[in-house]
Amino acid sequence: MLITLRQINKVYHMESVDVPALRNVSAEIAAGEFVAIMGHSGSGKSTLLNLLGCLDTPDSGSYHLDGEEVSRLGSDALARIRNQKIGFVFQNFNLLPRTTAEENVELPLYYGKPMRSAERRKRAQTLLTRLGLKGRMQHHPGQLSGGQQQRVAIARALVNEPPLILADEPTGNLDSHSADDIMALFQELNREGITIVMVTHEPDIAQFAKRVIQMRDGEIV
């Protein structure tokens, strides 16, 4: 299994109130799956995605990613795993506005093993060309459509060749045509063996996945 969760609990402390976000969550996701996580606001789906992405840690329970127990690792070790094994795609794209599409895609390569600038540039250009942005590499995010910005974000997520892509409402800021294009791209990447876990509240978007995990009140239902 690429992902194994066992009895995961997470509580947020809001002033004098404890707010349970995840309750005894156990799940397995095999390498090569395409899984959608659905649920209403407050169901725990975004908290779960943050834990899967090593952006947060559980209060109790265990999380094995690619055979490694990561739930008790320190910040430096978690940063290494995020850089090497996980690509992130967000609803708001999270691109740097004053850098080009090519430079945005290159960014994760600066935090891994040393690499020549020509190799970084080649990797970025190859991905952007594949994603239909050959003529947009030197454009800044503000000069790109929403769908094009999300393609840049996907290229950035792929540039370190991670086995896992985590997507948080990846079509939330896109029109229906652009959303369908992005989901078709995810399906293509999944057919190539990349594992994709996606949070969405839209049933028509969840249908692109091979399996749906439904959450309610911090639990998988």
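Structure above, values below:
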{"quantity": "Residue exposure sequence - 10, 85 - by fewest surrounding Cβ within 10 Å", "calculated": "85, 10"}
{"quantity": "Efficiency of FRET from Cβ geometry, residue 94 and residue 191, R₀ 30 Å, rounded to 0.05", "calculated": "0.70"}
{"quantity": "FRET efficiency estimate (nearest 0.05) - Cβ-Cβ, residue 107 to residue 214, R0 35 angstrom", "calculated": "0.50"}
{"quantity": "Per-residue ³J(HN,Hα) for the stretch 197-202, Karplus 6.51 cos²θ - 1.76 cosθ + 1.60, θ = phi - 60°, Hz, x for Gly and Pro", "calculated": "10, 10, 8, 8, 10, 9"}
{"quantity": "Amide N of the stretch 4-43 lying under 20 Å from the label point, which is placed 7 angstrom from the Cα of residue 161 along Cα→Cβ", "calculated": "31-33"}
{"quantity": "DSSP beta bridges in the stretch 3-220 [antiparallel fraction, %, rounded to 5]", "calculated": "50"}
{"quantity": "Cα centroid separation - the stretch 153-193 against the stretch 102-151, whole Å", "calculated": "15"}
{"quantity": "Positive minus negative residues near residue 59 (Lys, Arg vs Asp, Glu; Cβ under 13 Å)", "calculated": "+1"}
{"quantity": "DSSP-loop GluC sites (Glu not before Pro) across the stretch 1-46, with at most 12 other Cβ within 10 angstrom", "calculated": "15"}
{"quantity": "Pairs of lysines in the chain (C-alpha under 19 Å apart; 8 or more residues apart or interchain)", "calculated": "5"}
{"quantity": "Net lengthening on full extension, residue 12/residue 56 (0.36 nm per residue, minus Cα-Cα)", "calculated": "14.7 nm"}
{"quantity": "Low-density loop cleavage sites - trypsin sites (Lys or Arg not before Pro) in the stretch 139-219, where at most 15 other Cβ are within 10 Å (DSSP)", "calculated": "210"}
{"quantity": "The chain, relative contact order [Cα under 8 Å, separation at least 6], %", "calculated": "32"}
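No lab work stands behind these numbers, since they all come straight from the coordinates. None of the values given here were measured: they were computed from a predicted structure. No Cβ is skipped: glycine too gets one built from the backbone with ideal geometry, and neighbour counts run over all protein chains shown.
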